[in-house]
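A short worksheet on the structure shown next.
The values are calculated or read from the model by the stated rules, or taken from the named source; none is laboratory data. Since the model is a prediction, treat every value here as computed from it, not as a measurement. As a convention, Cβ positions derive from the backbone with ideal geometry for all residues, glycine included, and neighbour counts pool all protein chains shown. Accessible surface is based on the protein model in full, side chains and every heavy atom, while ligands, DNA and RNA are left aside. Shrake-Rupley method; radii C 1.70, N 1.55, O 1.52, S 1.80 Å.
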Amino acid sequence: MSKKTLKVAIVGCGGIANGKHLPSLAKLSEVQLVAFCDIVEERAQKAAAEYGAEGAKVFTDYRELLKEELDAVHVCTPNDSHAEITVAALESGKHVMCEKPMAKTAEQARQMLDAAKRTGKKLSIAYQNRFRSDSLYLKQLCEDGELGDIYFGKALAIRRRAVPTWGVFLDEEKQGGGPLIDIGTHALDLTLWLMDNYEPKSVTGSVFHKLGSRENAANAFGPWNPEEFKVEDSAFGFITMKNGATIMLESSWALNVVETGEAKTLLCGTEGGADMKDGLRINGEKLSRLYETKIDLGAGGVAFFDGEEESDSVREARNWVEAILEDKEPLVKPEQALVVTEILEAIYTSARTGKTVYFD
Ligand SMILES: NC(=O)c1ccc[n+]([C@@H]2O[C@H](COP(=O)([O-])OP(=O)(O)OC[C@H]3O[C@@H](n4cnc5c(N)ncnc54)[C@H](O)[C@@H]3O)[C@@H](O)[C@H]2O)c1
């Protein structure tokens, strides 16, 4: 990587900014975190104090922040403002890394993609699960043809009881939906990317509001407020692609099920299959016998040492920073994230209308 430094700003200094973007960017010597914005000023101040370069500025209005000289802006606000802030940032000449989902609606996601094309600035969406060791290894196997023609996939985002109770995750207006748009989006992104198939033909969906009305419910993040729970608690989709490949998407924050798994995929191809149920497992047939192979992605059994590999979050940040500095495409392309958004929206539409949605 060249020695140039990048001036980076964060809009939305909440959970994901502090949990992922800031600590990861802080590990990259090419990055200077120079501006922080949150409508709650103390949050921006706290992030600036912890991660900011000397003289870092704090804002409560992103439009003021965009007047600064910046290379890139990371959009880490709730879903309903992704499009507005991203388009404004691109139009003011900044590259944008926007949190997932790309936007609340497919129309907004299209506006974001159009703005990126119009301005010639880079846009990526923060699907960090692609950067996990198991995902990258499986991607290589898929590209090498080890699975053959992949014609069936399962995109899995199933929690038994883990409803996010902070922020605005239960607010339909601000988020555009519940587990489907929140965690189903990761699983679907991973599955489409591994299948390298972005041509949906039709989508049928079911959406449930079954457990959200419970008082004092068991929940990993503490009981939710049933009055606030306006989004679905689970959603399922049946997606057929133009080449006939089929994907089942399962997403839930609260479901009566014992086996859970989030941001996981299962793939079946003509030459082999793969799943992420318990680590990365490959299966197939050799010499007229069936086999299963477990891929060891660890450090080889050394105690107190997880290996020298970077975390998925740091890899994501590094890929993004290199894309800007070396004028390359980032791993997560906005065209791909748009298709994810279109499919998720079609699942909601199909559930609402009771009809299958067809893409032309
Ligand atoms: N990649 C992932 O795995 C992952 C995980 C969690 C959240 N997210 C995404 O990140 C986004 C934020 O989620 P979170 O958990 O950090 O929520 P959060 O509520 O913890 O943080 C959001 C922050 O944005 C601020 N904010 C709201 N509107 C703003 C505006 N117009 N301008 C400036 N600041 C504003 C809020 O005050 C808050 O501090 C969501 O889109 C969510 O889907 C992604």
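Of the residues making up the range 281-302, one or more are at pLDDT below 95, assigned to a strand (DSSP E or B) and open to solvent by less than 100 Å² (accessible area, probe 1.4 Å). Just for the range 226-279: of the residues that are hydroxyl-bearing (Ser, Thr, Tyr) and in a loop (DSSP other than H, G, I, E, B), which one is farthest from ASN129 (Cα to Cα)? Among those residues, the one meeting the criterion is THR270.
Consider the range 166-205 and keep the residues that are within 11 Å of the ligand (Cβ to nearest atom) and polar (S, T, N, Q). The one that is modelled with the highest pLDDT is THR185. Taking each residue of the range 46-60 that is free of Cβ contacts under 8 Å to residues at least 40 places away in the same chain and looking for partners that are more than 15 Å from the ligand (Cβ to nearest atom) and in a loop (DSSP other than H, G, I, E, B) with beta-carbon atoms closer than 7 Å, six or more apart or interchain, yields ALA48/ALA56. Scoring LEU136 on the criteria (1) buried (at least 19 other Cβ atoms within 10 Å of the Cβ); (2) among the aliphatic types (A, V, I, L, M); (3) out of contact with any Pro (no Cβ under 7 Å at 6 or more places or on another chain) leaves a single failure, condition (1). All conditions in (1) open to solvent by 30 Å² or more (accessible area, probe 1.4 Å); (2) in contact with a Leu (Cβ under 9 Å, 6 or more places away or on another chain); (3) away from the ligand (no atom under 16 Å from the Cβ) hold for LEU156, with the sole exception of (3). Of the residues making up the range 217-238, one or more are under 19 Å from TRP193 (Cα atoms) and not aromatic (Phe, Trp, Tyr).
Here SER124 fulfils each of the conditions (1) hydroxyl-bearing (Ser, Thr, Tyr); (2) surrounded by 21 or more Cβ atoms within 10 Å (Cβ to Cβ); (3) in a helix (DSSP H, G or I) apart from (3). Restricting attention to the range 303-337, the residues that are modelled with pLDDT under 95 and open to solvent by 50 Å² or more (accessible area, probe 1.4 Å) add up to 8.
Do any residues in the range 69-89 that are on the phi > 0 side of the Ramachandran plot have Cβ atoms under 8 Å from those of residues that are surrounded by 20 or more Cβ atoms within 10 Å (Cβ to Cβ) and in a loop (DSSP other than H, G, I, E, B), where the two are at least six apart or on different chains, and which pairs are they? Correct list of pairs: empty, since none qualify.
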